[in-house]
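The values are calculated or read from the model by the stated rules, or taken from the named source; none is laboratory data. Everything quoted here is computed from the prediction, not taken from an experiment. Methodologically, a virtual Cβ is constructed for each residue, glycine included, from the backbone with ideal geometry; neighbour enumeration extends over all protein chains shown.
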Amino acid sequence: MPRAGRTQDRGFWWACGTCRSRNYLSVKNKRNDPDRMKIRKYCPRCKSHTQHRETAINARAGKS
């Protein structure tokens with residue numbers, strides 16, 4: 001789990017592309033990776049590996 005001080009500016013959630021459930025919290029360097037990232041991860045709600053994409057730390061689940 002990332003430290004609390006770094007999550008506001010560099011932290012983000014991995015959100016499932018199918019059910020939009022926010023499952024994982026992560027931190028990245030925005031200088032090296034300025035674009036939104038996508039990765040295949042396991043979603044416990046869908047019970048399968050699905051594509052997850054980066055969402056804002058303060059975004060609400062299910063909102064577009």
*Can you confirm whether the range 45-62 contains a residue that is modelled with pLDDT under 85, in a loop (DSSP other than H, G, I, E, B) and more than 12 Å from the chain's Cα centre (by Cα)?*
yes
*Do we have any residue at all in the range 10-19 that's at pLDDT 85 or above, surrounded by 10 or more Cβ atoms within 10 Å (Cβ to Cβ), part of a loop (DSSP other than H, G, I, E, B) and of a type outside the set (Gly, Ala, Ser)?*
yes
